[in-house]
């Protein structure tokens, strides 16, 4: 069965720190050489990637390629929710947690063709319907939502200059040091389905993926993107030395099964704080608590590359071409 294959490649020119923009046209040429009609669109303002993704759906494009960091992926995903258009990640940001979860190559100045290598693996990959977090403020996330020290750090650090981005994760953490040290825990009430906890808390993280904090933390090592559950991490405490201890335990994989780092799973989470606090969704800052989060199963179609971790999904995916043919035939994939 022959189908016309159309894609939109959305790219954020301010993402990352390598000089990668010269490779965008080469990446478009690669997809075109494999039979794809590709529209190249550059983002120019906040939420522009969402608008461009909505436009791609409206134009009947089967695929949206998003080149940037987790923020760009977050925006593009918010324009594709509930549609049959597939999201593919081209890692070009500073940290690229989602791309790393999927096993895609990281930006590499020594290898200017990593976007084409990523494209080759995506083209040979499989399409999966993954879970999404829907928030009471009308926005959604695919990776994580958090309130506490993380959101205060995001508030202080973002937006970063191009110069700071050149230092990668190290630059981010250098700028995050002061808000990290000054932060004090809050009285928090967290509801996870029918379980309710009230305590002094340094951070609450609702995770749908494995990596966190720029990929430094393998926070949820057994998480799956389509298992119908969030991993909820509640980091108890009040002062920065306790948060530092939590961070070191997570970095070394010794955070599981602790009484001061609670791990719950659920589908509906409510975070309430004594004083209104900012929260972030996939690293994008929002205001303010309380916030209610509900899981929407299989609400976003993503293209996982060839070689993605086999235990990242509960269900098997469909090869890209078959998924497109199923869509054209009106069948679910």
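Quick one: in segment 324-333, of everything that is in a helix (DSSP H, G or I) and within 16 Å of residue 57 (Cα to Cα), which residue is modelled with the lowest pLDDT? Lay out the reasoning, then the answer.
If we filter segment 324-333 for residues that are in a helix (DSSP H, G or I), which is where we start, we get 324-328.
Restricting the remaining residues to those that are within 16 Å of residue 57 (Cα to Cα) gives 324, 327-328.
Numbers: 324: 89, 327: 72, 328: 68.
Only one residue fits best here, namely 328.
Taking residue 82 and the conditions (1) over 10 Å from the mean Cα position of the chain (by Cα); (2) closer than 17 Å to residue 11 by Cβ; (3) touching a residue at least 40 places away in the same chain (Cβ under 8 Å), which numbered condition does it fall short on, given that it satisfies the others?
For residue 82, the exception is condition (2).
I need the helices (runs of 4 or more DSSP H) fully contained in segment 50-139, keeping only those with at least 2 residues that are at pLDDT below 95 and farther than 27 Å from residue 278 by Cα. Steps first, answer last, please.
Working: elements: 70-78, 97-101, 114-123.
Filter on segment 50-139 gives 114-123.
Which count do you get for residues in segment 207-248 that are within 23 Å of residue 187 (Cβ to Cβ) and surrounded by fewer than 17 Cβ atoms within 10 Å (Cβ to Cβ)?
6
Looking at (1) under 22 Å from residue 237 (Cβ atoms); (2) at pLDDT below 95, which is the only condition residue 159 fails?
The number of the failed condition is (1).
From the list 287, 268, 258, pick out the single residue that is surrounded by fewer than 20 Cβ atoms within 10 Å (Cβ to Cβ) and touching a residue at least 60 places away in the same chain (Cβ under 8 Å). Steps first, answer last, please.
Values: 287 fails: touching a residue at least 60 places away in the same chain (Cβ under 8 Å); 258 fails: touching a residue at least 60 places away in the same chain (Cβ under 8 Å).
Just a single option satisfies the conditions, and that option is 268.
Just checking, how many residues over segment 290-314 are surrounded by fewer than 17 Cβ atoms within 10 Å (Cβ to Cβ) and outside any loop (DSSP other than H, G, I, E, B)?
Pass one, segment 290-314, residues surrounded by fewer than 17 Cβ atoms within 10 Å (Cβ to Cβ): 290, 292, 294, 296-298, 306-307, 309-311, 314.
Pick out the ones that are also outside any loop (DSSP other than H, G, I, E, B) and you get 292, 294, 296-298, 310-311.
Qualifying residue count for the region: 7.
Among the candidates 74, 128, which residue alone is touching a strand residue (DSSP E or B) at 6+ places or on another chain (Cβ under 8 Å), crowded, with 19+ Cβ neighbours inside 10 Å and over 22 Å from residue 20 (Cα atoms)?
Working: 74 fails: over 22 Å from residue 20 (Cα atoms).
The unique qualifying residue is 128.
Being in contact (Cβ under 8 Å) with a residue 24 or more places away in the chain and crowded, with 17+ Cβ neighbours inside 10 Å is the filter here; which residues of segment 104-113 pass it?
Correct list: 104, 107.
Okay, residues lined up against (1) more than 21 Å from the chain's Cα centre (by Cα); (2) at pLDDT 95 or above; (3) over 15 Å from residue 262 (Cα atoms); (4) part of a loop (DSSP other than H, G, I, E, B):
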| site | (1), (2), (3), (4) |
| --- | --- |
| 191 | yes, yes, no, no |
| 200 | yes, yes, no, no |
| 205 | no, yes, no, no |
| 214 | no, no, yes, yes |
| 227 | no, yes, yes, yes |
| 234 | no, yes, no, no |
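If residue 263 passes every condition in (1) farther than 11 Å from residue 206 by Cα; (2) in a strand (DSSP E or B); (3) out of contact with any helix residue (DSSP H, G or I) (no Cβ under 6 Å at 6 or more places or on another chain) but one, which one does it miss?
Looking at each condition in turn, residue 263 falls short on (1).
Quick check on segment 30-45: of everything there that is part of a loop (DSSP other than H, G, I, E, B) and in contact (Cβ under 8 Å) with a residue 24 or more places away in the chain, which residue is surrounded by the most Cβ atoms within 10 Å (Cβ to Cβ)? Let's see the steps before the verdict.
Let us first name the residues in segment 30-45 that are part of a loop (DSSP other than H, G, I, E, B), namely 34-35, 43-45.
Next cut, in contact (Cβ under 8 Å) with a residue 24 or more places away in the chain only: 34-35, 43.
Numbers: 34: 11, 35: 11, 43: 23.
Only one residue tops the list, namely 43.
Does residue 196 qualify as being crowded, with 22+ Cβ neighbours inside 10 Å and at pLDDT 95 or above? Reasoning before the result, please.
Details: crowded, with 22+ Cβ neighbours inside 10 Å: no; at pLDDT 95 or above: yes.
Considered against the rule, which asks whether it is crowded, with 22+ Cβ neighbours inside 10 Å and at pLDDT 95 or above, residue 196 comes out as no.
Of all residues in segment 281-309, which are out of contact with any strand residue (DSSP E or B) (no Cβ under 6 Å at 6 or more places or on another chain) and either modelled with pLDDT of 95 or more or within 21 Å of residue 265 (Cβ to Cβ) (or both)? Working first, answer last.
Taking segment 281-309 first, the residues out of contact with any strand residue (DSSP E or B) (no Cβ under 6 Å at 6 or more places or on another chain) are 283-285, 287-288, 305-309.
Passing the criteria: 305, 306, 307, 308, 309.
The values are calculated or read from the model by the stated rules, or taken from the named source; none is laboratory data. Just so it is clear, the model here is predicted, and its values are computed rather than measured. Reconstructed Cβ throughout: ideal geometry from the backbone, glycine too, with neighbour counts over all protein chains shown.
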